[in-house]
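Trainee: Right, I'll just put the structure down here and ask away after.
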């Protein structure tokens, strides 16, 4: 435990802790905004669409490259 020799030291540390708490709250707000944007319906649809396009393209490429499966 820290020992204080004056009220000025106590007030300075309290101010530091208050500012650290404010910084933490702002970081949480920013993280919430980023998460909310990431899971928006538009982004989800884009991700699903890109996944489907990738699977189709990879399937076509593999079908052309691999010898089995052809008749």
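Trainee: For the structure I just gave you, tell me whether residue 58 is surrounded by 10 or more Cβ atoms within 10 Å (Cβ to Cβ), outside any helix (DSSP H, G or I), without any contact (Cβ under 8 Å) to a residue 24 or more places away in the chain and over 19 Å from the mean Cα position of the chain (by Cα).
Mentor: no
Trainee: Being surrounded by 10 or more Cβ atoms within 10 Å (Cβ to Cβ) and either in contact with a helix residue (DSSP H, G or I) (Cβ under 8 Å, 6 or more places away or on another chain) or at pLDDT below 90 (or both) is true for just one of 37, 47. Which residue is that?
Mentor: 37
The values are calculated or read from the model by the stated rules, or taken from the named source; none is laboratory data. All of these numbers come straight from a predicted model, not from anything done at the bench. A quick note on method: Cβ atoms are made from the backbone with ideal geometry, for glycine too, and the neighbour counts reach across all protein chains shown.
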